[in-house]
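Data block below; observations after.
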Amino acid sequence: MPKTSLKPAQLDFQPRPTFPYNPGTTAQGLVFVSGQVAWNHEGNVVGIGDVRAQTIQTLSNVVAVLAEAGATPADVLKCTVYLADIRYFQIMNEEFAKVFKEDPPARTTVQAALAEPEMLVEIEAIASIG
């Protein structure tokens with residue numbers, strides 16, 4: 001089964017990132033969601049300074065990529081969460097728990113510098129639909 005690019009309408013905004021970027025891919029029953037940030041449908045970062053708002057938007061983007069592949073949060077095996085400041089962990093975790101309600105995926109959370117200074121959270125995921 002060849003690799004299929006996942007480009008949900010929610011993330012089909014202009015201007016697109018100027019670097020090689022694909023919101024996600026799927027092949028052989030696996031779904032790989034690229035690191036999603038708090039871009040809205042217009043390509044703007046939402047919730048400047050508000051980690052809760054950014055986490056909600058970021059998770060919405062993750063779910064949109066999953067849906068494009070026919071997956072749901074229940075299919076997610078592993079997430080990696082990047083926080084601009086680890087002190088945001090509790091707020092991010094509260095919103096994460098709303099999306100991954102039962103049998104949550106394996107997860108790693110780290111503090112990291114993100115692509116733009118306004119970005120506070122980035123989340124990537126791997127799911128199985130096979």
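First check a/c for segment 4-128, with a ≥ b ≥ c the square roots of the eigenvalues of its C-alpha gyration tensor; if it is under 1.5, answer rounded, and if not, answer prolate when a/b is larger than b/c or oblate otherwise. It comes out oblate by the Cα gyration axes.
When you count the other C-beta atoms within 10 angstrom of each residue and take the mean per peptide, 91-98, 3-10 line up highest first as 91-98, 3-10.
With θ taken as phi - 60° and the Karplus curve 6.51 cos²θ - 1.76 cosθ + 1.60 applied, the whole-hertz 3J(HN,Hα) list for segment 69-81 is 9, x, 10, 10, x, 5, 8, 6, 8, 8, 10, 10, 10 Hz, x standing for glycine and proline. Applied to segment 118-130, the Karplus parametrisation 6.51 cos²θ - 1.76 cosθ + 1.60 on θ = phi - 60° returns per-residue 3J(HN,Hα) values of 6, 7, 10, 8, 9, 9, 10, 8, 10, 10, 10, 10, x Hz, with x for Gly and Pro.
The slack in the chain from Ala112 to Gln90, taken as 0.36 nm per residue of separation less the alpha-carbon distance, amounts to 6.3 nm. If you take every DSSP beta bridge whose two residues both sit in the chain, what share of them, in percent to the nearest 5, is antiparallel? The antiparallel proportion sits near 75 percent. Each Cα pair under 8 Å and six or more residues apart adds its separation to the average, and for the chain the resulting relative contact order is 32 percent. Of all lysines in the structure, those lying under 23 Å Cα to Cα from Lys7, and not within fewer than 8 positions of it along the same chain, are Lys78.
All of the numbers you see were taken from the coordinates with simple rules; none came from a lab. Nothing here was measured: the structure is a model prediction, and the numbers come from that model. Here the Cβ is made from the backbone with ideal geometry for all residues, glycine too, and neighbour counts use every protein chain on show.
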